[in-house]
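Encoded as C-alpha cells, the structure appears first; notes follow it.
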Amino acid sequence: MLADGSVVTGRLLTFRVGSGRFAVLLEEVLGVKDPAENITVNDSGVVFQGRPVAAVDARGLWSGRGGSPLTAPPAVIFVSGSGGGSTALLVDRIEGIVEGVEMRPLPALVAPFVSDMFRGVTLHADGSRLVVDPAALSRATTAGGQRGPGEA
C-alpha cells in the first residue's frame, strides 16, 4: 500500500475491464497478446514462452458481469509476480501507454473491498484508473483465488 500523499508513476500500460479503467506499471509487463484469439485458458493457466502461467480473468472479477458469458477473445497482459514468477491477466481491451501520472493511495472506504489487489488510483486528464499490483495477483493465484469480491 502507498504511504500518505501522491507519487508520480513511471509509464503505465492502461486497459479496460467492462466499463472500468485500470493500469499496470509498464516495467512489470513481460508481454501482451491483444487480442489473444489463440489463447487457451485451463486449470494450469495460460501458456507463455512455452510454460504454463497462472491466469486471473479480470473480466469476471472486476467487470460486474459475474457469471455472464464472455464471448469476445480477451487481451492478455503477462506481468511479473512475486518470487520471479509471472501471472496472465485476462482483460477486455488494451488502451495504450501513459507517461508519468500522479498516483494516490486508495480511499479508506474503497481499500477493504479490493483486498490489496491495487496499489492506488491514478489521476490523469482522460480519467482515473486503479493501478494493479502484480505481486498481489500472483499471491492470489497461488492461494487459490481472489480474496474478497474485488469490486468497489
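The values are calculated or read from the model by the stated rules, or taken from the named source; none is laboratory data. No experiment lies behind these values; they were computed from the predicted model shown. Backbone-built Cβ (ideal geometry, glycine too); neighbour counts: all protein chains shown.
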Selection count, the range 104-119, where residues are in contact (Cβ under 8 Å) with a residue 40 or more places away in the chain and in contact with a Lys or Arg (Cβ under 7 Å, 6 or more places away or on another chain): 0
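Taking SER115, is it at pLDDT below 85, under 24 Å from SER6 (Cβ atoms) and surrounded by 14 or more Cβ atoms within 10 Å (Cβ to Cβ)?
Yes: the conditions hold for SER115.
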Only listed residue being at pLDDT 85 or above and exposed (fewer than 14 other Cβ atoms within 10 Å of the Cβ), chosen from GLU27, GLU37: GLU27
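Please go through the range 53-79 and pick out each residue that is on the phi < 0 side of the Ramachandran plot and either polar (S, T, N, Q) or at pLDDT below 65 (or both). Outline the logic, then answer.
Step one: of the range 53-79, the residues on the phi < 0 side of the Ramachandran plot are 53-63, 65, 67-79.
Of everything in the range 53-79, those that are on the phi < 0 side of the Ramachandran plot and either polar (S, T, N, Q) or at pLDDT below 65 (or both) turn out to be SER63, ARG65, GLY67, SER68, PRO69, LEU70, THR71.
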Pick from the range 1-15 the residues that are touching a helix residue (DSSP H, G or I) at 6+ places or on another chain (Cβ under 8 Å) and closer than 26 Å to ARG93 by Cβ: which of them is modelled with the lowest pLDDT? GLY10
Within the range 72-108, work out how many residues are under 14 Å from the mean Cα position of the chain (by Cα), buried (at least 21 other Cβ atoms within 10 Å of the Cβ) and part of a strand (DSSP E or B). 11
